[in-house]
Amino acid sequence: MVDSERMLAEIVQAGFPITAETDNADVVVINTCGFIAPAEAESLEAIRHAVDHKLRGAVKKVVVAGCLCERLGPGLLEKVEGIDAVVGLSQRDNIANIIKKIFSSEIGGRCEDSYPNQPLPPISDRVVDDRCRLLITPQHWAYLRISEGCNHRCSFCTIPAIRGRFRSKPMELVIAEADELVSAGVVELNVIAQDSTNYGRDLKIKNGLSALLRELEKIADLTWLRLMYLYPAGIDGELIEVIANSDKILHYLDVPLQHVNDKILKSMRRPDTRDKLQHLIENLRLAMPDIVLRTTLIVGYPGETNRQFEELMDFVRWARFDALGCFKFYPESGTSAAELPGQVPDKVKQQRFDELMVAQQKIAFAGNKDRVGGSLTCLVDSVDSGDLGRGRFYGQAPDIDSVCIIKHCSAKPGQFIATKVIGTQGYDLLVEQI
Ligand code: SF4
């Protein structure tokens, strides 16, 4: 999304009007994801849809950008015919020029600077500068990317091959970007990276994430600072202390565990053990009794036995995560896990996925019930014409978590309001303004 926002800003600055309606557009730009099979399928479907529009004459050019371009390389053009330009990750800031060139190009209507006329440039080790974005989130919250790439080599993961080696943005650049966003009205920054906890290591900054957070906290008009994608082994005592003692860093952490069985974690090339993960959760809860925890898990990893899956289920029942995302294992080409023996049949993966999500649903619903009668500060995200608002308390990250449905909401988007929890609606909380 950050890359999309940067490209939109480049496009607007070049003088092109933008529209969300495909039928009104001369050019459709599709920024793709491609880290697992379903993401690739979704991206390809969007590209085919745009190419169909082009064949019907509703659209003149189709440009594809982002991760799938890096992942598939020339294979992308074999999968879908009719793409006019392919824009690699390192060409992101050149998007407007590429669009201009497609229209002036005589080489089959394709841009001579991009596929298929030129190979994609290698993913650079350059630090990305994400300042100057056209936000497509509501104007009061934004993502703040603090680093790019990943040096871990989890056996199942395609991301390091797509996004390159880990590199932190210099702290001054992160602060400048945060300042820019807050000056434009953002009150909630969601800190993202492939590996947030590693921030600053390549810049030789000691306890880099903690140091960065201390600086970000100083931004006067920033109210909420939320940390996403924390690699569990990177969470140390100092970071916990910084978060626990902060008025702005939310007591909400997204810590993807992937699994808890020692043998599977080792095969995944992750340094954790079940004991370490259990201690981490205990320490977080000890330091912050009000902490809201989200995690991500994989079921059906090669060789996962019923017993190992049951161990995962036991852990989930014990940990009582507030929110949990589950992936069925996908044997992605180019990853070592795809070649492992003992691939789990799809049917078994689905059963384990269903079982885990049903157990988690009970936990999440019970957690919601416990909040009924309590009061919460909500950030209003939207309000409809009937005064029904949607917002979030600190324990709900935008886009991925549940929301608060706000009855009789008289506030505007971007405002913080005091609410009382009056009920639940599935995963969501029903609240009313007080
Ligand atoms: S830490 Fe995350 S991004 Fe890096 S290799 Fe592991 S799963 Fe992939």
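Of note:
- Against the criterion of being in contact with a Leu (Cβ under 8 Å, 6 or more places away or on another chain) and within 21 Å of LYS100 (Cβ to Cβ), VAL27 does not qualify.
- Checking every residue in region 361-371 against the condition of being buried (at least 20 other Cβ atoms within 10 Å of the Cβ) and of a type in the set (D, E, K, R) gives zero matches.
- Only one entry in GLN308, GLN343, GLN350 is free of Cβ contacts under 8 Å to residues at least 40 places away in the same chain and not β-branched (Val, Ile, Thr), namely GLN350.
- Taken over region 11-40, the residue count meeting the criterion of being of a type in the set (Gly, Ala, Ser), surrounded by 11 or more Cβ atoms within 10 Å (Cβ to Cβ) and out of contact with any helix residue (DSSP H, G or I) (no Cβ under 6 Å at 6 or more places or on another chain) is 3.
- Residues of region 162-199 that are surrounded by fewer than 18 Cβ atoms within 10 Å (Cβ to Cβ) and of a type in the set (A, V, I, L, M): LEU173, ILE175, ALA176, ALA184.
- Where LEU297 falls short, out of the listed (1) assigned by TED's automatic domain parsing to the domain that holds PRO256; (2) surrounded by fewer than 13 Cβ atoms within 10 Å (Cβ to Cβ): (2)
Condition check ((1) away from the ligand (no atom under 16 Å from the Cβ); (2) touching a Ser or Thr at 6+ places or on another chain (Cβ under 7 Å); (3) among the hydrophobic types (A, V, I, L, M, F, W, C)) across all residues:
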| site | (1), (2), (3) |
| --- | --- |
| ARG153 | no, no, no |
| LYS169 | yes, yes, no |
| ILE175 | yes, no, yes |
| ILE192 | no, no, yes |
| SER196 | no, no, no |
| GLY200 | yes, yes, no |
| ILE205 | yes, no, yes |
| GLU217 | yes, yes, no |
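- Here region 320-331 is the region considered, the condition is being surrounded by fewer than 19 Cβ atoms within 10 Å (Cβ to Cβ) and in contact (Cβ under 8 Å) with a residue 40 or more places away in the chain, and the residue that is farthest from the chain's Cα centre (by Cα) is ARG320.
- Matching residues, region 234-243, being crowded, with 16+ Cβ neighbours inside 10 Å and either basic (Lys, Arg) or more than 21 Å from ILE400 (Cβ to Cβ) (or both): LEU239, ILE240, VAL242
- The residues of region 139-151 that are surrounded by fewer than 18 Cβ atoms within 10 Å (Cβ to Cβ) and either within 11 Å of the ligand (Cβ to nearest atom) or more than 30 Å from GLN415 (Cβ to Cβ) (or both) amount to a single one, ASN151.
- Region 253-288 - residue that is surrounded by fewer than 22 Cβ atoms within 10 Å (Cβ to Cβ), in contact (Cβ under 8 Å) with a residue 12 or more places away in the chain and acidic (Asp, Glu) and, of those, nearest to the ligand (Cβ to nearest atom): ASP272
- Of all residues in region 222-236, those being at negative phi and either assigned to a loop (DSSP other than H, G, I, E, B) or in contact with a Gly (Cβ under 8 Å, 6 or more places away or on another chain) (or both) number 7.
- Among the candidates ILE205, ILE219, residue that is in the same structural domain as GLU332 (by TED's automatic domain parsing), among the aliphatic types (A, V, I, L, M), surrounded by 18 or more Cβ atoms within 10 Å (Cβ to Cβ) and assigned to a loop (DSSP other than H, G, I, E, B): ILE219
- If you go through region 155-166 and pick out every residue that is among the charged types (D, E, K, R) and either modelled with pLDDT of 95 or more or within 9 Å of the ligand (Cβ to nearest atom) (or both), you end up with 1.
- Filtered by the rule that a residue be closer than 21 Å to LYS248 by Cα and either out of contact with any Asp or Glu (no Cβ under 8 Å at 6 or more places or on another chain) or modelled with pLDDT under 95 (or both), region 413-431 gives GLY414, GLN415, PHE416, ILE417, ALA418.
The values are calculated or read from the model by the stated rules, or taken from the named source; none is laboratory data. Treat the numbers as computed from the prediction; the structure is a model and nothing was measured. Methodologically, a virtual Cβ is constructed for each residue, glycine included, from the backbone with ideal geometry; neighbour enumeration extends over all protein chains shown.
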